[in-house]
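Only one structure is covered here, and it is reproduced in the block below.
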């Protein structure tokens, strides 16, 4: 796959997320996907999630914990089998009512038109503060 094809796969993934189409999202992921979110401390959706079931669990937990107010993928940078996306989000934590806002970088590794690895890099302190009611 070339870099533009990889970028298109990741764009399709964000479109599926935006429309809530989990079936379309899973079709873009390898069955043995490694999905990582930084744990920090006390982030319920943090850590490593493996396979489609792990990704489903990740989205279940994050949707139970927070309400997405803004989720903005911005710049896409593709090189080789990697796509990096720079973005921003604002989330209201349901249990505390507090809102956290943070920039992030999503790193995707692709093979054969599928995402095989995802890692997020973000400000975990702001997430933890909102979860703890600070």
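The values are calculated or read from the model by the stated rules, or taken from the named source; none is laboratory data. Computed from a predicted structure; not experimentally measured. Cβ atoms come from the backbone with ideal geometry, glycine included; neighbour counts cover every protein chain shown.
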Item to check | Subset of segment 1-25 [within 14 Å of residue 55 (Cα to Cα) and surrounded by fewer than 16 Cβ atoms within 10 Å (Cβ to Cβ)] | outcome: 20, 21, 22, 23, 24
Checklist outcome for this item: Among (1) in contact with a helix residue (DSSP H, G or I) (Cβ under 7 Å, 6 or more places away or on another chain); (2) touching a residue at least 24 places away in the same chain (Cβ under 8 Å); (3) not in a strand (DSSP E or B), residue 14 falls short only on (1)
Checklist entry - Which residues, counting only those in segment 32-77, are assigned to a helix (DSSP H, G or I), out of contact with any helix residue (DSSP H, G or I) (no Cβ under 9 Å at 6 or more places or on another chain) and surrounded by 13 or more Cβ atoms within 10 Å (Cβ to Cβ)? => result 51, 54, 57, 58, 61, 62, 63
Checklist entry - Taking residue 123 and the conditions (1) surrounded by 15 or more Cβ atoms within 10 Å (Cβ to Cβ); (2) modelled with pLDDT of 95 or more; (3) more than 18 Å from residue 27 (Cα to Cα), which numbered condition does it fall short on, given that it satisfies the others? => result (2)
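Hey, among 100, 108, 121, which residue is in contact with a helix residue (DSSP H, G or I) (Cβ under 8 Å, 6 or more places away or on another chain) and either in contact (Cβ under 8 Å) with a residue 40 or more places away in the chain or part of a helix (DSSP H, G or I) (or both)? So that I can check it myself, show each step before the final result.
Details: 100 fails: either in contact (Cβ under 8 Å) with a residue 40 or more places away in the chain or part of a helix (DSSP H, G or I) (or both); 121 fails: in contact with a helix residue (DSSP H, G or I) (Cβ under 8 Å, 6 or more places away or on another chain).
Residue meeting the stated conditions: 108.
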